[in-house]
Amino acid sequence: MYTVNIKDKRILPIRKVAFSSLGLTERNDLQEWLAHSPSALGQDLLIIQKEFDGFDETRERLDLLALDKKGNLVVIENKLDDSGRDVIWQAIKYASYCATLTKPQILDIYAAYLKKIGNDSLTAKDSICEFLEVEDLAEVQLNRTNSQRLIFVAANFRKEVTSSAIWLLNQGIDIQCFEVSLYQRGEEDLFFDVDQLIPTPSTEDLLISMKKKRSEEEDTEHEKADRERIREAYWSRALTAFKESSCDLFNGREKTGKDHWLSAGSGVGGCPFSLVFMKSSLRVELSLARQDKDENKAIFDQLFNQKETIEAEFGEPLEWMRLDEKQMSRISFTVPANGYDETQWPKFISWHIEYMSKLEKALRRPLLKAGDLIKHGM
């Protein structure tokens, strides 16, 4: 780094110096600088405590505790010339200790800090409201579950520290590493510089996008698991009811499965009768899903030629889907329903029994005849 003398058209070097060479310490110097000017870390932070040691059954203390603009707690760990080997583990411990802090506890911690530094212009509550730009603290959540952030500040980061930090980033942990440098000009002028080392500004947007994508994937997996649990419960009750009904299609079925359909043989290979249970609808259907596409279309056409007779037997218009672009074809009957409302399951199961019985009665004989024609080459 250099200073510029515009008049003389010269640049003069500014030498980089170690913090320790000037007798500077983490607690009395670096920590104080950041506590007074947290914006040096390139973000809006409200320091709520220094040397925080409010952890049960431990004498450990973290350097700086802050709030960000989203109400997340931020653990800031400072090192001078070297990050040390254990800084990651140390900060993770502190974050885990802070994870249980409630809104009243955070207010108490901040109030104690304001008293310590002699700032009584605002209460802790009013100061946080002003920082978060809200009218009432009841409007916001502080320290939400799994929202704690980690910030490391050091003049030099060991490889094991940066490697661990990058790995944690990829696991969705909000972590930043800032490299600080001290420069001296002459005997008195000191210059302090801060660079974000991890994540680099060029990759930060990518990491944020990856984190959102990972969150969406996790939400999808949770929703899938919930739906599978609901389906299993519905099919279990439905099978019991079918065995007690006059419809014997599913009598040999013991396992329920996790899919949104439950199938039973029709007497024609590859053409099962199916119950369908969806979040927004119920359906009974005959699937023409043989390995030969032409056979599926031929059976469909044979049945469609008897459409009026079949629908008269069924008692309702059916959905006739030849699906020319696909291998399979389908004949079905659907009604809208709030499928996941468990209080209505008895009604839904009764509907499935009633309309599957009707569909089997209307289609079994013409289906068997169409199957025989296909079997003998028409």
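The values are calculated or read from the model by the stated rules, or taken from the named source; none is laboratory data. If you're wondering where the values come from, they're calculated on a predicted model, not measured in any experiment. Here the Cβ positions follow ideal geometry from the backbone for every residue, glycine too, while neighbour counts run over all protein chains shown. Accessible surface areas use protein heavy atoms only, side chains included; no ligands, DNA or RNA. Shrake-Rupley method; radii C 1.70, N 1.55, O 1.52, S 1.80 Å.
Considering the stretch 158-172 alone, what residues qualify as being of a type in the set (Gly, Ala, Ser) and touching a residue at least 60 places away in the same chain (Cβ under 8 Å)?
If the condition is that a residue be of a type in the set (Gly, Ala, Ser) and touching a residue at least 60 places away in the same chain (Cβ under 8 Å), then Ser164, Ala165 are the ones that fit.
What strands (runs of 3 or more DSSP E), lying completely within the stretch 259-341, carry at least 1 residues that are in contact with a Lys or Arg (Cβ under 9 Å, 6 or more places away or on another chain), open to solvent by less than 70 Å² (accessible area, probe 1.4 Å) and free of Cβ contacts under 8 Å to residues at least 12 places away in the same chain?
Numbers: elements: 261-264, 273-277, 281-288, 319-321, 329-336.
Answer list for the stretch 259-341: 319-321.
For the stretch 34-51, does any single residue satisfy the condition of being out of contact with any strand residue (DSSP E or B) (no Cβ under 8 Å at 6 or more places or on another chain), closer than 16 Å to Glu77 by Cβ and not charged (D, E, K, R)?
No, the conditions are met nowhere in the stretch 34-51.
Within the stretch 30-39, identify whether any single residue is in a helix (DSSP H, G or I), within 15 Å of Leu190 (Cβ to Cβ) and in contact with a Leu (Cβ under 9 Å, 6 or more places away or on another chain), and answer yes or no.
yes
Looking at Asp8, Asp44, which is the one that is out of contact with any Gly (no Cβ under 7 Å at 6 or more places or on another chain), open to solvent by 40 Å² or more (accessible area, probe 1.4 Å), free of Cβ contacts under 8 Å to residues at least 60 places away in the same chain and among the acidic types (Asp, Glu)?
Asp8
Determine whether the stretch 14-33 contains at least one residue that is among the β-branched types (Val, Ile, Thr), modelled with pLDDT under 95 and open to solvent by less than 30 Å² (accessible area, probe 1.4 Å).
To start, the set of residues in the stretch 14-33 that are among the β-branched types (Val, Ile, Thr) comprises 14, 17, 25.
Among the residues that remain, those that are also modelled with pLDDT under 95 are: 14, 17, 25.
Right, trim to open to solvent by less than 30 Å² (accessible area, probe 1.4 Å) and you get 14, 17.
Yes; the residues of the stretch 14-33 include at least one that is among the β-branched types (Val, Ile, Thr), modelled with pLDDT under 95 and open to solvent by less than 30 Å² (accessible area, probe 1.4 Å).
Condition first: assigned to a helix (DSSP H, G or I), of a type outside the set (Phe, Trp, Tyr), touching a helix residue (DSSP H, G or I) at 6+ places or on another chain (Cβ under 6 Å) and in contact (Cβ under 8 Å) with a residue 12 or more places away in the chain. Can you find one or more residues in the stretch 145-157 that meet it?
no
Across the stretch 203-233, which residue is modelled with the lowest pLDDT among those that are open to solvent by 100 Å² or more (accessible area, probe 1.4 Å) and farther than 30 Å from Lys255 by Cβ?
The extreme case among them is Leu206.
Have a look at Leu122, Leu107, Leu142, Leu80 and point out the one that is open to solvent by less than 70 Å² (accessible area, probe 1.4 Å), part of a helix (DSSP H, G or I) and of a type in the set (A, V, I, L, M, F, W, C).
The unique qualifying residue is Leu107.
Can you tell me which condition Tyr94 does not meet? The list is (1) in contact with a helix residue (DSSP H, G or I) (Cβ under 8 Å, 6 or more places away or on another chain); (2) open to solvent by less than 20 Å² (accessible area, probe 1.4 Å), and all the others hold.
(1)
If we scan the stretch 343-359, do we find a residue that is open to solvent by less than 30 Å² (accessible area, probe 1.4 Å), closer than 30 Å to Ala225 by Cβ, touching a strand residue (DSSP E or B) at 6+ places or on another chain (Cβ under 8 Å) and among the β-branched types (Val, Ile, Thr)?
Checking the stretch 343-359: not a single residue is open to solvent by less than 30 Å² (accessible area, probe 1.4 Å), closer than 30 Å to Ala225 by Cβ, touching a strand residue (DSSP E or B) at 6+ places or on another chain (Cβ under 8 Å) and among the β-branched types (Val, Ile, Thr).
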